[in-house]
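Trainee: Sharing a structure, written as structure tokens. Questions coming.
The values are calculated or read from the model by the stated rules, or taken from the named source; none is laboratory data. This one's a predicted model, so the numbers in the text were calculated from it and none came from an experiment. For neighbour counting, all protein chains shown are included, and Cβ atoms are generated from backbone atoms with ideal geometry for every residue, glycine included. What goes into the accessible areas is simple: the full protein's heavy atoms, side chains included, and nothing from ligands, DNA or RNA. Shrake-Rupley method; radii C 1.70, N 1.55, O 1.52, S 1.80 Å.
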Amino acid sequence: MLRRQAVALVVVAFAVLFPLFVAQAQNNIVSSIPPDAKVGFGSRFSDSINVVCLSISRQLLAKPLLDLCNTADAAGALGGTNTSVGGSIGSIESRVGGLDPARTLVISRLQERTGTGTAASADMRSALRGFSFFVNGTYEAFDKHDTSFEPAYDRLTWGTNVGGDYSFDGKGLVGLAFNYSHANAYFDVGGGGFETDTYGVLLYGGVLPAKNAFVDAYAGYNYKDISTDRRINVLVGGTVPVTGQALGTTNGSEVKLGVNAGYDWVIQNFTVGPRLGVNYRDTGIDAFTERGGTGLEVRYTHTSEMSVTTVAGLFASMAFSAGFGVIVPQLNFEYVHEFSLDQKFRQFSFVGDTTGARFNFVNDPPDRDYFNLGAGVVFVLPQGIQPFVNYRELLGYNDRSAHTVTAGVRFSF
């Protein structure tokens with residue numbers, strides 16, 4: 001009797017533990033894949049399909065991934081060379097080479113509200129005191145070039161900033177701004193893309209510790225609603241076509257902090273001076289699961305990245321009196337160095353794989369050194385009205401370019 005109970009216990013233990021052992025072994029097989037640049041959403045995306053179909057028991061696969069593996073197996077396509085087209089979560093992250101319209105807004109506001117960066121006339125100084133309200137609109141055209149890590153896409157962003165600040169007799173200021181933007185991105189090959197709605201708040205302030213010198217700081221938070229549309233066009237083994245659409249929705253968040261300082265030499269109506277700054281940004285995107293019926297829908301893990309940049313630049317402006325007010329053209333040039341942001345590994349698993357075996361892919365490596373060039377003009381009109389327009393361009397970044405135009409108006413009281 002005891003012998004039968006012992007045998008039964010061994011059988012039960014084997015039945016419970018063996019599937020766990022198999023699943024762990026399969027996960028080990030998957031994790032042993034070299035995490036090179038092409039595993040994931042590069043040209044070898046389908047290599048991960050080979051591993052799933054060949055290494056994981058078909059009994060552990062759900063439809064339609066099971067059907068795909070069976071079809072590819074029957075056609076003798078497994079183990080062969082595969083091709084694919086499709087974007088990835090790496091593309092929807094907020095890295096744009098350091099060009100930050102919100103930060104640009106804050107710096108310009110601090111320059112104008114404290115009187116630094118302009119050869120201030122009496123009319124201008126009166127417009128730089130007390131309360132001020134501003135509203136603007138921003139348009140950005142961003143172009144991401146094709147690389148072996150991520151596909152090419154174009155992104156258009158429309159946004160607005162609304163805020164106000166108070167200047168303490170030109171000796172310093174404190175302000176609060178709210179922003180919203182909507183971005184549409186389209187992959188150059190294969191179709192699909194992603195959309196992002198961003199809602200943010202920004203607190204900023206600055207002081208003038210000495211004549212013609214200023215120090216400012218800002219802290220901001222952004223919340224993001226993200227939707228993805230990945231078009232799948234795969235030839236498994238070069239013979240079995242799989243096409244379709246994988247949709248996803250997720251959320252993201254961004255925290256950013258910065259400190260900037262500058263000094264201005266005023267020569268009659270001309271002002272020129274250096275700028276130095278340090279900026280921190282921490283971005284995260286929640287885990288999410290794609291929807292579709294191709295068998296190649298994937299489940300992404302949570303992703304995050306941190307960026308720390310230093311900025312060294314030069315600012316120049318010239319004030320011209322006119323019958324209607326003062327015209328102040330401005331020019332600034334920045335050199336940006338990235339310290340913290342690294343090329344990141346991302347993890348995903350196939351929705352139809354019940355073992356949850358994970359694969360790695362990597363996004364584009366960041367460019368450590370690049371430049372921002374900006375130009376604009378402010379019109380200081382009677383009764384504290386200040387229309388303005390600015391243009392900024394990202395320069396020297398290896399695989400991307402960006403052009404940003406901002407226009408708005410400020411009202412001082």
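Trainee: Kindly indicate whether Leu176 is touching a strand residue (DSSP E or B) at 6+ places or on another chain (Cβ under 7 Å), modelled with pLDDT of 90 or more and more than 23 Å from Val255 (Cβ to Cβ). Steps first, please.
Mentor: Details: touching a strand residue (DSSP E or B) at 6+ places or on another chain (Cβ under 7 Å): yes; modelled with pLDDT of 90 or more: yes; more than 23 Å from Val255 (Cβ to Cβ): no.
No; evaluated as a whole, the condition is false for this residue.
Trainee: Filter segment 152-173 down to residues that are touching a strand residue (DSSP E or B) at 6+ places or on another chain (Cβ under 7 Å) and part of a loop (DSSP other than H, G, I, E, B), then give me how many there are.
Mentor: First, the residues of segment 152-173 that are touching a strand residue (DSSP E or B) at 6+ places or on another chain (Cβ under 7 Å): 152-167, 171-173.
Applying the additional criterion that residues be part of a loop (DSSP other than H, G, I, E, B) yields 152, 171.
Matching residues across segment 152-173 total 2.
Trainee: Specify the residue that is farthest from the chain's Cα centre (by Cα); the eligible residues are those in segment 230-265 that are modelled with pLDDT of 90 or more and among the β-branched types (Val, Ile, Thr).
Mentor: Val259
Trainee: Within the set of pairs 6 or more residues apart or between chains, which connect a residue that is over 13 Å from Lys144 (Cα atoms) inside segment 186-199 to a residue that is open to solvent by 30 Å² or more (accessible area, probe 1.4 Å) and among the aliphatic types (A, V, I, L, M) with Cβ atoms less than 8 Å apart?
Mentor: Gly190/Val85
Trainee: Right, here's the next one. Do we find that Phe149 is in a strand (DSSP E or B), within 20 Å of the chain's Cα centre (by Cα) and not small (Gly, Ala, Ser) in this structure?
Mentor: Working: in a strand (DSSP E or B): no; within 20 Å of the chain's Cα centre (by Cα): yes; not small (Gly, Ala, Ser): yes.
For Phe149, the condition - in a strand (DSSP E or B), within 20 Å of the chain's Cα centre (by Cα) and not small (Gly, Ala, Ser) - is not met.
Trainee: Looking at segment 266-283 only, could you name the residues that are under 20 Å from the mean Cα position of the chain (by Cα) and over 30 Å from Ile232 (Cβ atoms)?
Mentor: Correct list: Val278, Asn279, Tyr280, Arg281, Asp282.
Trainee: Considering only segment 396-405, I want to know if a residue exists there that is part of a strand (DSSP E or B), closer than 30 Å to Phe131 by Cα and at pLDDT 90 or above.
Mentor: Residues of segment 396-405 part of a strand (DSSP E or B): 400-405.
Now drop any that are not closer than 30 Å to Phe131 by Cα, which leaves 404-405.
Going one step further and asking which of them are at pLDDT 90 or above, we end up with 404-405.
The answer is yes, given that some residue of segment 396-405 is part of a strand (DSSP E or B), closer than 30 Å to Phe131 by Cα and at pLDDT 90 or above.
Trainee: Right, something else. Residue check, Ala357 against (1) touching a strand residue (DSSP E or B) at 6+ places or on another chain (Cβ under 8 Å); (2) outside any strand (DSSP E or B); (3) open to solvent by 20 Å² or more (accessible area, probe 1.4 Å), all met but one. Which one?
Mentor: Checking Ala357 against (1) touching a strand residue (DSSP E or B) at 6+ places or on another chain (Cβ under 8 Å); (2) outside any strand (DSSP E or B); (3) open to solvent by 20 Å² or more (accessible area, probe 1.4 Å), the one that fails is (3).
Trainee: Taking strands (runs of 3 or more DSSP E) that do not extend beyond segment 185-297, which have at least 1 residues that are open to solvent by 60 Å² or more (accessible area, probe 1.4 Å) and under 25 Å from Gly163 (Cα atoms)? Before you say what the answer is, go through the steps one by one.
Mentor: Numbers: elements: 192-210, 213-236, 240-263, 265-267, 270-285.
Correct list: 192-210, 213-236, 240-263, 270-285.
Trainee: Continuing with this model, one more query. Among the residues of segment 289-310, how many are under 21 Å from Tyr221 (Cβ atoms) and of a type in the set (Phe, Trp, Tyr)?
Mentor: Within segment 289-310, the subset under 21 Å from Tyr221 (Cβ atoms) is 302-309.
Those left that are additionally of a type in the set (Phe, Trp, Tyr): none.
So the count comes out to 0.
Trainee: Then there's this: Within segment 333-354, take every residue that is open to solvent by 40 Å² or more (accessible area, probe 1.4 Å) and among the polar types (S, T, N, Q) and give me the one that is modelled with the highest pLDDT. I'd like the intermediate steps shown before the answer.
Mentor: Within segment 333-354, the subset open to solvent by 40 Å² or more (accessible area, probe 1.4 Å) is 333, 335, 337, 339, 342-345, 347, 351, 354.
Imposing the further condition that a residue be among the polar types (S, T, N, Q) reduces the set to 343, 347, 354.
Details: Gln343: 75, Gln347: 81, Thr354: 84.
By that ranking, first place goes to Thr354.
Trainee: Could you list all residues from segment 360-395 that are assigned to a strand (DSSP E or B), charged (D, E, K, R) and in contact with a helix residue (DSSP H, G or I) (Cβ under 9 Å, 6 or more places away or on another chain)? Walk me through how you get there before you give the answer.
Mentor: Step one: list which residues in segment 360-395 are assigned to a strand (DSSP E or B), which gives 360-362, 369-381, 385-395.
Filter once more, keeping what is charged (D, E, K, R): 369, 392-393.
Passing the criteria: only Arg392.
Trainee: Return the total of residues in segment 284-334 being of a type in the set (A, V, I, L, M, F, W, C) and under 28 Å from the mean Cα position of the chain (by Cα). Spell out the reasoning first.
Mentor: Of the residues in segment 284-334, the ones of a type in the set (A, V, I, L, M, F, W, C) are 285, 287-288, 296, 298, 306, 308, 311-312, 314-316, 318-320, 322, 324, 326-328, 331, 333.
Adding the requirement that they be under 28 Å from the mean Cα position of the chain (by Cα) leaves 285, 287-288, 296, 298, 306, 308, 311-312, 314-315, 331, 333.
Count: 13.
Trainee: Then there's this: Restricting attention to segment 328-354, which residues are charged (D, E, K, R) and part of a strand (DSSP E or B)?
Mentor: Filtering segment 328-354 for residues charged (D, E, K, R) gives 334, 338, 342, 344, 346, 353.
If the condition is that a residue be charged (D, E, K, R) and part of a strand (DSSP E or B), then Glu334, Glu338, Arg346, Asp353 are the ones that fit.
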